[in-house]
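Engineer: Encoded as C-alpha cells, here's the structure I'll be asking about.
Readers should treat all values here as calculations from the given coordinates under stated rules, not as data from a laboratory. Keep in mind that what you see is a predicted model, and the values were worked out from it rather than measured. Note that each Cβ is placed from the backbone with ideal geometry, even for glycine, and that neighbours are counted across all protein chains shown.
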Amino acid sequence: MIGGLFIYNHKGEVLISRVYRDDIGRNAVDAFRVNVIHARQQVRSPVTNIARTSFFHVKRSNIWLAAVTKQNVNAAMVFEFLYKMCDVMAAYFGKISEENIKNNFVLIYELLDEILDFGYPQNSETGALKTFITQQGIKSQALHWSCGLQHQTKEEQSQITSQVTGQIGWRREGIKYRRNELFLDVLESVNLLMSPQGQVLSAHVSGRVVMKSYLSGMPECKFGMNDKIVIEKQGKGTADETSKSGKQSIAIDDCTFHQCVRLSKFDSERSISFIPPDGEFELMRYRTTKDIILPFRVIPLVREVGRTKLEVKVVIKSNFKPSLLAQKIEVRIPTPLNTSGVQVICMKGKAKYKASENAIVWKIKRMAGMKESQISAEIELLPTNDKKKWARPPISMNFEVPFAPSGLKVRYLKVFEPKLNYSDHDVIKWVRYIGRSGIYETRC
Amino acid sequence: MTDSKYFTTTKKGEIFELKAELNSDKKEKKKEAVKKVIASMTVGKDVSALFPDVVNCMQTDNLELKKLVYLYLMNYAKSQPDMAIMAVNTFVKDCEDPNPLIRALAVRTMGCIRVDKITEYLCEPLRKCLKDEDPYVRKTAAVCVAKLHDINAQLVEDQGFLDTLKDLISDSNPMVVANAVAALSEIAESHPSSNLLDLNPQSINKLLTALNECTEWGQIFILDCLANYTPKDDREAQSICERVTPRLSHANSAVVLSAVKVLMKFMEMLSKDLDYYGTLLKKLAPPLVTLLSAEPELQYVALRNINLIVQKRPEILKHEMKVFFVKYNDPIYVKLEKLDIMIRLASQANIAQVLAELKEYATEVDVDFVRKAVRAIGRCAIKVEQSAERCVSTLLDLIQTKVNYVVQEAIVVIKDIFRKYPNKYESVIATLCENLDSLDEPEARAAMIWIVGEYAERIDNADELLESFLEGFHDESTQVQLQLLTAIVKLFLKKPTETQELVQQVLSLATQDSDNPDLRDRGYIYWRLLSTDPVAAKEVVLAEKPLISEETDLIEPTLLDELICYIGTLASVYHKPPGAFVEGGRGAVHKSLPPRTASSESTESPETAPAGAPSGEQPDVIPAQGDLLGDLLNLDLGPPVSGPPLATSSVQMGAVDLLGGGLDSLIGGPNFVTPPAATVPANLGAPMGSGLSDLFDLTSGVGTLSGSYVAPKAIWLPAMKAKGLEILGTFTRQVGSISMDLQLTNKALQVMTDFAIQFNRNSFGLAPAAPLQVHAPLSPNQTVEISLPLNTVGSVMKMEPLNNLQVAVKNNIDVFYFSTLYPLHILFVEDGKMDRQIFLATWKDIPNENEAQFQIRDCPLNAEAVSSRLQSSNIFTVAKRNVEGQDMLYQSLKLTNGIWVLAELRIQPGNPNFMLSLKCRAPEVSQHVCQAYETILKN
C-alpha cells in the first residue's frame, strides 16, 4: 500500500510530507527530488522505480504530488487516489498552488490522516469529510479557524460516523431546501483526427452528465436518456414508437457512473437510479463513436514555394442547423520554427501570428450553422541547413456549440422522496447541452 | 570560530523560543507553536528536542491541537521511545472517549507509533475497539491490526486478533468488511503458507454482497482479494463473473481494472464453447477503451495492462485499433505504449491504416518515438506478409530523409525483413550501401555488416566495404566485431580467391589481438573449420537459416500468466513479477492462472488435483551453478529476430565442445561426449537375464506382472526456471530395467532442439543407459514423452539425502540443472529372495544396533495382500508366522549394488498400523527402504 505521500513545489522543496509505512525513510523525499524533479531529461514515465522504491507522481500547475511505496500496490488505485486528493484539496481551498498549500498545511495533514490509513484509502467524499473536518480552507490571508467537533452532540457524532462508513457515504440526512431544484449539464467534447484529404481517421465523443442538485431529504432519482438499447427494449411493445424515437436514439459505446449509481441495476435493467450527493457532482461519463455530428470541417492547403516560402490556405465550414450559433472558435495553424514573417488575410474574425507559440491563431467570436469562412497566409522562412524536414503538426481547432454532438438527449429525470411532502412535479429542473472541441485536429 | 556556530545558535534560539511558547498558558499561542513545530518538521528540521513540551500539550480538549500533537508523536516516538511512554495514558484514555471520532483517532495513531513498550499497551484498547458499537471505530481498528502485525506479528497471533479480524468479514457495515479484507490480505501476503484468508463459497458470497455497498476504495480491496480465490468449478467461476461485471461501469479506473483482473483470471476456467464466454469477451472491450480517456497517468497504467491483455486474449480488442492511434499532444510515455499495442493488433484487415499512421509518426520530434515507429514498420512487414512490399518502400522513403537515427533504425529492421522474405527485396541493397558512412550505432553497423556478408555474392565491392570496417576493429563493440568476423568468413567462402588475405587478417585480429573470449573462441572455431574441412565450413557457416518468428517482444507465456494475475498493480506496469522489485518475502509467491475444471468431471479441489507428488518430494532446482555456462551459450543468440543468424548456427556447433568440457568440470560426471551406446547391451544384459528368470518366479508365485509401483509424474523442472522448458518425470522399474519416464513440454516461443541429459554422480551409480532421444525438434506448446533407460554402473558418490539425483538437461537454449529424489524401490532387484536359512543366519549376524524400527500407519491391507503387493515391487516374503494373533512377515530385498535388507513386518488384524523392523549392514538405507514400503503399500 501507499507508504508515504509528499507534495513539492516546482523547485523541489517539500511542502507536505506524510509517511504511513516504516519502510519509507526520509531519503525517499530526496530521491524523488533528485531523480525526477531535478532530472535532466524530461520525465518518461509517471511511475519511477528508484532503488526498489516506486514513486507515482502527478503534477498540478507547478506542484508535484508523489506517492511512494515499496510494495506491489494497485497502481491504478494510487493514481485515482492522487486525483481524488487534488479534488478534495480543491474543494477545501480552491486552486492547488504553493501559497494555498502552505496556508493550509494543517488542514492537509488532517485530511491526509483521515483519507489514508496505513496507506489504505478511506472515505474521500468531500461531502462526508466536510461534516467533521471542519477547518475552513484559507483562500486569502485572513486567518480564522472554526473548529467544531467538541460542540457536537452525541447524535450528531454517530450520524457523522455512520455516514462516513455507511452505504450512502456521499450524502447526509436532514438536508432541507425551500425550493427543490436541479440542474443537468450534458457536457461533451468531440474529438477528431482527419487526414488532409478529409477522411475521418478517428472520431469520438466523450461526454459527461454533471448534475447540481438542491433537493431535500434522501431523494431517489431516476435518469433516462435516448440510449438505443433502452429505447429498443421499450419499443418492442409499440411499433409506432420505435419508428418515431428509433431514429433519435444513440448507441453508447461505454459509460461509467458516479459511485452513487446502482451498478447492478444498470447491468440488469440498464436503468440509472441513485440517491445524489448534495450539490454538484458528475453523474456519468460516456463515449460514443457512431453517427457523430462533426460541427466543423477544416480544409487545409499548404504549398511550399521554394525553400523560403510557404503558402497556407484554410477553409472552415460549419455543419449544424443555421439557427444555432457556435462560439469561441479558434483555429491554430502551426508554422515552422524558422518562420521569419507572416502575412495573413481572413474573411471573418481576427488572425495573428504568435511567434512564441509557432502558430497562426485565428479567432472568430460567433459563427452560425451552414456557413463557411477562409483564411490565407504567406509564411516567409529563414533558410536553414537543417536536413530534417518540418514535421507539419496538425491544424487544431477549438469551439463551443449549444448542442450535443453525440446526439444524446435527456428524456427524463424523476425524483421521488416518499418521506417528505414534495413530488416530482414540484422539482424545478434545468437541462443544458454544451458541445466543446476536445482534440479536434486535421493533418495538413 | 566559523560561521557554522552562528547558525547553530540561531537554531538553538529558535527552539528555545518554541519551547517557551509551547509551555504558554494561552491556548491559542500553544496551538500556533505546535503548528510551527510541524512546519519545521515538514521541511526536515530536527525538532525532536521539543518532545516533552509537545507531549505536554496532548492533554487537551481541543481536537485540532490533539491531532497536531499526534502527528508529531508519529514522527518522533521512535527516536525517543522512553519519552513516548508518557503519551500512553492519554491514548488509553482517549480510547474510552464517548466520541467515536476520538476513539478512532486514538487507536489509529497508536498503531502508527512503532515503539515496543507502547505496543503492549495497545492490545487492550485495540481489542475493545474491534468490537466497538460504532462502525467508524471498527473500520479503523481493523487496519490497526495490520499495523500491529507489521510491528510484531507474533503478538497479533498470540492475542487472537486474527480471528477477530476474520469475524469482521461478516460485519454488517460494508466499510468495516472492506478494511478487514484489506488488512487480512496484507497479513496473508507475508505468510504465504498460512490459510488466513480462508476463502470459501460462503465468504465469497459475503464479499460479493459487500462489493455493491462499499466505497470505491473498498471495492478495490474486495476485488483484489477475490482475484486470489480459485473457484471450485466453471459454474462457480461464471456466477462470480456475473456479479463482478457491473463493476466495469464504475467511474473509478482502479475498480474497473481490478474487475478486469478477476474476469481475466476466472475466464481461464470457462469453456470457450460457452455462450457466456463470448458475452464476457464482448463486455470487456468497451471499459478497456474507456480507460484511454482517463488522465494520462492512468492511461499509462491502463495501456501497460492492455498490452498484457492483448497478448493473452487478442480477440478482445482486435477491432479497436483506432483508439490506439497516437494523439499529437499525448505525453511521450502514452505514445510509446500505444505504438506497442498498435503493432500487436496489426493484422491484414487494418494494416493499411496502421502503416499510414506509422509513417506519420516517423516524422515526429521525439527521437525515441520516431525510432520505435520505424521499427514498428519493420515489424508490420514481418507480421503481415501482404504488407511487406509497402513497408519496404516506406522504409526506403524514410532512408531518403537522411535523418541519421531514422536511417540506422530502418537498416536494422530491413535486415530482419531480408531474413523473413529471402530473395525478394535484395534490390534495395544498393541504397543501403550508400548510407554506410552515416552509421554510428553498433546495432545498425552490425545489421549492415550482416547484410553485406549475407549477400556478398551480389555486392561487387563487398570486400572493400568490409575491409573499411576492419580498420577500427578494436574500437568496435563486441556485437559489431562478432558480426564482422562472421561476415568476412562468409565472404571468403563465397569468393575464396580474392579475400584470403582479408580473412586471415580478421582471424588473427579476433584470435590474437582480442581479449574478448567470445570473439576469440568464435575466431578459433572458424579457423579450425576452414583449415581442416572447408566443405564442412561451408555447410556450417552458410547453412540455411531458420525462419524468424512473426511476433517479437512477446512476454514468455508463464510470465504472462503470472502478470495477468497482477493486473492493475505495479507488477503489470513494470511487466515484471513482484519479486523483481519488492524486497523481502512479500513478492516471493508466484501466482498462476487457475486450471480449467469442468463441474461435471471433477469434484476435487484444483489445489490437490495437479499436485502429483507429495509435498516432500518437491524437486528443487539447482541454482546459479550453470548460469555461467548458460551465458556462454546464450551470449550472442540475441533476441529472436535481430540476432544474427550465422551466430546461431556457429554457436550451436561450438556448443557440443563447450558443453562437453564444461559439464565435465562442473559436475564431474562420466564423459558426456562419448555416447554410451557401446556399453548399453552389456549393461542391460545382466538385469534382463535375472528379470527373465524372475518372470517365472513371479508367475508361479503371485501372478501379477505389473512391475513395481510407479509414482505419477511430478514437475521436476518448472518452465519458469528453465527458459520455458518444463520437465515432468517419474521412475519406473519393469522386468529388471530401470527407466526414467520424462515428459518434456516446450512453453517457450522458440523451437527446442539438441536435447541431452546427464546425471551427477550419485549414491547408487544411476546413469543414463542411452542418450536422450528426442527425435523431432520440440515446437512451442508441444509435449513429448520419453522413456530413458537407466543403468547402475555410473560413478558412485554418496549424496545427501541418499536418494538424491542431480540432473543436467541441455537443449539449444541453455543447460538446466535440477535435482530430484528417486524412490528406492526402483533399485530392488528381482533376485532379492533370500533362502530361509541364510535369512535366519544373516538376521542374527547383523548387529542389533543396525536394526531400525518404523511404524507404517493407516494401511488397510491384510497380510496376504501386503505380501503380494510388496512382491510385485521385489520385496520378497521369506517366511510368515502367526504369533499371538499377529501376522509376522519376514522379508528380504536386494539393492542393485548388492546390499541386502532384511525386514520383519508385524501386522495385527484390525489395526491399520504396522510395525516394521529393518536390519541391514548399511543402516543408512533403512529409512529410505521404509519410505519405499510406505509408497508401495499406500498406492
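Engineer: Using θ = phi - 60° and the Karplus form 6.51 cos²θ - 1.76 cosθ + 1.60, what ³J(HN,Hα) does each residue of the stretch A:206-219 get, whole Hz, x for Gly and Pro?
Structural biologist: 10, x, 9, 10, 9, 10, 10, 10, 10, 10, 7, x, 10, x
Engineer: Between B:K26 and B:D553, what length in nm is gained on full extension when 0.36 nm per residue of separation is reduced by their alpha carbon distance?
Structural biologist: That works out to 182.9 nm of additional length.
Engineer: So what is log10(I(q)/I(0)) for chain B at q = 0.08, 0.10 1/Å, when the Debye sum runs over its Cα atoms only?
Structural biologist: Rounded to two decimals, the profile gives -1.05, -1.23.
Engineer: Relative to the compact-globule scaling 2.2 N^0.38 Å, provide the ratio for the alpha-carbon radius of gyration of the stretch B:441-542.
Structural biologist: Working it through for the stretch B:441-542, the quotient is 0.97.
Engineer: First measure r as the distance between the Cβ atoms of B:E157 and A:F183, then evaluate 1/(1 + (r/R0)^6) with R0 = 35 Å and state the FRET efficiency to the nearest 0.05.
Structural biologist: 0.05
Engineer: Which entries of A:K228/B:K261; A:K348/B:K327; B:K67/B:K147; A:K328/B:K335; A:K102/B:K27 have Cα-Cα distances beyond 26 Å here?
Structural biologist: A:K228/B:K261; A:K348/B:K327; A:K328/B:K335
Engineer: Once you place label points 7 Å from the Cα toward the Cβ at B:T478 and A:V315, how far apart are they in nm?
Structural biologist: Output for this residue pair reads 6.3 nm.
Engineer: Which whole-Hz ³J(HN,Hα) couplings does the stretch B:108-117 yield from phi under the Karplus relation 6.51 cos²θ - 1.76 cosθ + 1.60, θ = phi - 60°, glycine and proline marked x?
Structural biologist: Taking θ as phi minus 60°, the curve returns 5, 6, 4, x, 8, 9, 8, 10, 3, 4 Hz for the stretch B:108-117.
Engineer: Want the number for B:D845 to B:A39: 0.36 nm per residue separation, take away the alpha-carbon distance, what's left?
Structural biologist: So the extension gain works out to 281.4 nm.
Engineer: Is there a quick way to get the dipole size of chain B? I mean about its Cα centre, with the Cβ of Lys and Arg at +1 and of Asp and Glu at -1; what is the value in debye to the nearest 20?
Structural biologist: Dipole about the Cα centre, nearest 20: 1900 debye.
Engineer: What does the helix-only formula give at 222 nm for chain A: each DSSP H stretch with n ≥ 4 adding -39500 (n - 2.57), the total divided by the residues, and the result rounded to the nearest 500 deg cm²/dmol?
Structural biologist: -5500 deg cm²/dmol
Engineer: Additional query: Quick query: amide H of B:Y709 versus all other amide H atoms, modeled in the peptide plane; which residues come in under 5 Å with a sequence gap of 5 or more or a different chain?
Structural biologist: Hits under the 5 Å cutoff: none.
Engineer: First measure r as the distance between the Cβ atoms of A:L324 and B:A776, then evaluate 1/(1 + (r/R0)^6) with R0 = 60 Å and state the FRET efficiency to the nearest 0.05.
Structural biologist: Efficiency, rounded to the nearest 0.05: 0.25.
Engineer: Also: Residue-wise, which Karplus ³J(HN,Hα) couplings in Hz belong to the stretch A:359-370, taking 6.51 cos²θ - 1.76 cosθ + 1.60, θ = phi - 60°, and x for glycine or proline?
Structural biologist: Values per residue, Gly and Pro as x: 7, 9, 10, 10, 10, 10, 6, 9, 7, 7, x, 6 Hz.
Engineer: Going down the list B:K383/B:K723; B:K338/B:K721; A:K321/A:K354; A:K290/B:K383, which pairs span over 26 Å between their C-alpha atoms?
Structural biologist: B:K338/B:K721; A:K321/A:K354; A:K290/B:K383
Engineer: Nearest 20 debye, what's the magnitude of the dipole of the stretch B:1-134 about its Cα centre given +1 on Lys and Arg Cβ and -1 on Asp and Glu Cβ?
Structural biologist: My answer is approximately 300 debye.
Engineer: Above 61 angstrom, tally the Cα pairs of the protein assembly as shown and express them as a % of all pairs, no decimals.
Structural biologist: Every Cα pair in the protein assembly as shown considered, those over 61 Å come to 30 percent.
Engineer: Whole Å is fine, so just give me how far the alpha carbon centre of the stretch A:180-231 lies from that of the stretch A:68-139.
Structural biologist: Each part reduced to its Cα centre gives a spacing of 28 Å.
Engineer: At a threshold of 8 angstrom on Cα-Cα distance, excluding pairs fewer than six apart, so keeping six or more, what relative contact order does chain B reach in percent?
Structural biologist: That works out to 6 percent.
Engineer: Please grab the % of Cα pairs in the stretch B:791-939 that end up more than 19 Å from each other.
Structural biologist: Above the 19 Å cut-off, the stretch B:791-939 has 55 percent of its Cα pairs.
Engineer: Could you pull out every residue, at least 5 positions away or on a different chain, whose amide H is within less than 5 Å of the one on A:A351? Hs are placed 1.01 Å off N in the peptide plane, and Pro or chain starts have none.
Structural biologist: Counting only residues 5 or more places away or on other chains, the set is A:K363.
Engineer: What's the exposure ranking of B:K232, A:K176, going from fewest to most Cβ atoms within 10 Å?
Structural biologist: A:K176, B:K232
Engineer: Starting from the Cα-Cα distance between B:K272 and B:N56, subtract it from 0.36 nm times their residue separation and give me the gain in nm to one decimal.
Structural biologist: Once the chain is fully extended between B:K272 and B:N56, it gains 71.0 nm.
Engineer: On to the next question. Using the basic label-point model (7 angstrom from Cα toward the beta carbon), what is the B:E501 to B:R313 distance in nanometres?
Structural biologist: Distance between label points: 6.7 nm.
Engineer: Only loop residues by DSSP count here, and only those with at most 16 other Cβ atoms within 10 Å; note down the chymotrypsin sites (Phe, Trp or Tyr not before Pro) in the stretch B:23-132 that meet that.
Structural biologist: none
Engineer: Please arrange B:T279, B:T877, B:T109 by counting, for each residue, the other beta carbons lying within 10 Å of its beta carbon, fewest first.
Structural biologist: B:T279, B:T877, B:T109
Engineer: Would you mind getting me the FRET efficiency between B:R881 and B:K798? Use the beta-carbon distance for r and R0 = 30 Å, nearest 0.05.
Structural biologist: My answer for the efficiency is 0.25.
Engineer: Moving on. Can you pick out the pairs among B:K894/B:K938; A:K414/B:K322; B:K591/B:K938; A:K70/B:K591; A:K84/B:K312; A:K70/B:K747 whose Cα atoms lie more than 28 Å from each other?
Structural biologist: A:K414/B:K322; B:K591/B:K938; A:K84/B:K312; A:K70/B:K747
Engineer: By its C-alpha gyration tensor, with a ≥ b ≥ c as the square roots of the eigenvalues, how is the stretch A:4-127 shaped: rounded for a/c under 1.5, else prolate for a/b larger than b/c, else oblate?
Structural biologist: Oblate is the answer for the stretch A:4-127, as a/c is 1.5 or above yet b/c matches or exceeds a/b.
Engineer: With each run of n ≥ 4 DSSP H residues scored as -39500 (n - 2.57), what mean residue ellipticity at 222 nm is computed for chain B after dividing by its residue count and rounding to the nearest 500 deg cm²/dmol?
Structural biologist: That calculation yields -16000 deg cm²/dmol at 222 nm.
Engineer: For the stretch B:36-90, how big is Rg over Rh, using alpha carbon atoms and the Kirkwood form of Rh?
Structural biologist: 0.93
Engineer: Hey, another quick one. If you find the alpha carbon centre of the stretch B:707-773 and of the stretch B:28-70, how far apart are they in angstrom?
Structural biologist: If we compute the Cα centre of each part, the gap is 68 Å.
Engineer: In a GNM of chain A with a 10 Å cut-off on Cα contacts, which of A:N62, A:N103, A:N72 has the highest mean-square fluctuation?
Structural biologist: Its mean-square fluctuation being the largest, the pick is A:N72.
Engineer: Within 10 Å of each Cβ of B:252-258, how many other protein chain Cβ atoms are there on average?
Structural biologist: 6
Engineer: Hey, can you grab everything whose amide H is under 5 Å from the amide H of A:I272? Only 5+ residues off in sequence or another chain; H modelled, so Pro and N-termini drop out.
Structural biologist: Residues meeting the criterion, in which the H sits 1.01 Å from N, are A:F223.
Engineer: On to the next question. Hey, fewest Cβ within 10 Å first, where do B:D273, B:D53 land in order?
Structural biologist: Arranged by neighbour count, lowest to highest, B:D273, B:D53 become B:D273, B:D53.
Engineer: Quickly work out the A:T131-to-B:M86 label distance, labels modelled 7 Å from Cα along the C-beta direction, and quote it in nm with one decimal.
Structural biologist: It is 3.8 nm.
Engineer: Shape verdict for chain A, please, from the Cα gyration tensor: rounded (a/c under 1.5), prolate (a/b greater than b/c) or oblate.
Structural biologist: Oblate, because a/c is 1.5 or more while a/b does not exceed b/c.
Engineer: Take peptides B:798-809, B:467-478, B:908-919 and line them up by average Cβ neighbours within 10 Å, highest first, as a rough protection proxy.
Structural biologist: B:798-809, B:908-919, B:467-478
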